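Inspection log for the structure reproduced underneath, given as structure tokens.
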Amino acid sequence: MTNNNSSDELLNLWKSQKPQSISLSAKELRDASSKLERRVYWRNIREYMGAAIVAIAFGFYMVKFQTVLLRLGSGLTIAGALFVAFHLFRKGSTAVMTTDLESKSCVEFYRTELVRQRDLLLSVWKWYLMPFVPGLGLFLLGMLQMVLRQPASHLHYGMVALWFGATFAMCAATFALVEWLNRRAAKEIQKKIDTLDQHTQAID
Amino acid sequence: MPGTQNKSDDLYNEAVAAHGPALSRLARGYEFDPEDCRDLLQEIHLAMWRSFAGFDGRCSLRTWVYRVAHNTAASHILRSRRMKSKTMISLEELEEQGGIAAKDDTSHSIEQSEVLERLFALIQCLNPLDRQVILLYLEGMDAASIGEVTGISSGYAATKIHRVKAILAERFRKGGNHDKQ
């Protein structure tokens, strides 16, 4: 059998399939479009809710605690959460409503999407982790200061050091893990971009 | 705006009449599971309808429809956690694997549905670009048209088509006839 005969038979078989063809009515399309917009709206709300919870919790600390360090730490953490929410609003962390579907060729579109995802992952430390570092750092120092202000007879310095060290290590480890996972995912995406470039530039 | 919506509705109806079955086959090339396939197909139809508000005739309706459909499907793959974890290969890698999958082809009568099932399995192991090429080829498009939709040169599309034909001949030749041409 020649390649052409084999391919022709497959082509015929492919086209002879009777797939379920759908056609949506104008009303169904508009309903689906509104549903998609509602989905995007609620996704955004969920993302802002996270920031709101952080803001409420640290707002409470700002009122409750009297020391400058704790108040400043809480304020900066709230500012960090608001910055993250603003970034999510401006860039969108997950593209539910993809645009530009028709203006780009498939290769161009696919590459743009890959680059967008890679860059988003690589910049996570800048817009998702760093904004919380000053606030949480000061808050942690404020907590330490508050503990150390207690009468010396109530203090067990070993326990304080252990508590501070463990809390600090846990925060640092969480940040490092998030960053490492994102870098690893970005590396995988970069491999896909490189392969795509190799394939499309080799012959063009 | 009613004018824009009417334009989108008219173009949508025209596109579905001309390319509806092809879009269903395309969706199945990305999602074999019937439920997921139907969801993707609806997503494609919606994206197509929304896109028609900006249709300016700078390319043919067919090219427009296929671009929107394939880009929607590619975006779907990039979003899907299940798909992200799946290893996808190129036509070149598939060709290098040679007759691994052809071992099963020794039976003399392979049911057409089984052939199609295996064809879909083969399509779904390909990376998005090569998947687009093979799906467009199966719809009967030539190298120039495939190039226009995907954005690769027609020469490169022709090379890809040549590979597709070789792979399909190797893996779907009929039982008993194992001569390589």
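Entry remark, the range A:28-67: residues being surrounded by 16 or more Cβ atoms within 10 Å (Cβ to Cβ) and in contact (Cβ under 8 Å) with a residue 60 or more places away in the chain number 4 in total. Of the helices (runs of 4 or more DSSP H) lying entirely inside the range A:101-204, those carrying at least 3 residues that are out of contact with any Pro (no Cβ under 8 Å at 6 or more places or on another chain) and either among the basic types (Lys, Arg) or within 13 Å of chain B (Cβ to nearest Cβ) (or both) are A:106-122, A:157-201.
Just to be sure, is B:Leu46 free of Cβ contacts under 8 Å to residues at least 12 places away in the same chain and either outside the structural domain of B:Leu116 (by TED's automatic domain parsing) or hydrophobic (A, V, I, L, M, F, W, C) (or both)? So B:Leu46 fits the description; yes. Filtering the range B:128-177 to residues that are small (Gly, Ala, Ser) and more than 9 Å from chain A (Cβ to nearest Cβ) leaves B:Ala143, B:Ala144, B:Ser145, B:Ser154, B:Ala157, B:Ala158, B:Gly175, B:Gly176. Candidates in the range B:1-36 are the residues that are of a type in the set (A, V, I, L, M, F, W, C) and buried (at least 19 other Cβ atoms within 10 Å of the Cβ); of these, the one that is nearest to the other protein chains (Cβ to nearest Cβ) is B:Val16.
Of the numbered criteria (1) assigned to a helix (DSSP H, G or I); (2) within 11 Å of another protein chain (Cβ to nearest Cβ); (3) touching a helix residue (DSSP H, G or I) at 6+ places or on another chain (Cβ under 8 Å), the one B:Ser113 fails is (3).
Total residues in the range A:104-153 satisfying the condition of being touching a residue at least 24 places away in the same chain (Cβ under 8 Å), buried (at least 20 other Cβ atoms within 10 Å of the Cβ) and of a type in the set (Phe, Trp, Tyr): the figure is 4. Scanning the range A:68-80 for residues that are surrounded by fewer than 22 Cβ atoms within 10 Å (Cβ to Cβ) and touching a Phe, Trp or Tyr at 6+ places or on another chain (Cβ under 9 Å) yields A:Leu69, A:Arg71, A:Leu72, A:Gly75, A:Leu76, A:Ile78. Quick one: in the range B:113-165, which of the residues that are acidic (Asp, Glu) and more than 11 Å from the chain's Cα centre (by Cα) is nearest to A:Ile189 (Cα to Cα)? Among those that are acidic (Asp, Glu) and more than 11 Å from the chain's Cα centre (by Cα), it is B:Glu148.
The values are calculated or read from the model by the stated rules, or taken from the named source; none is laboratory data. Note that this is a predicted model, so its numbers are computed, not measured. Cβ atoms come from the backbone with ideal geometry, glycine included; neighbour counts cover every protein chain shown.
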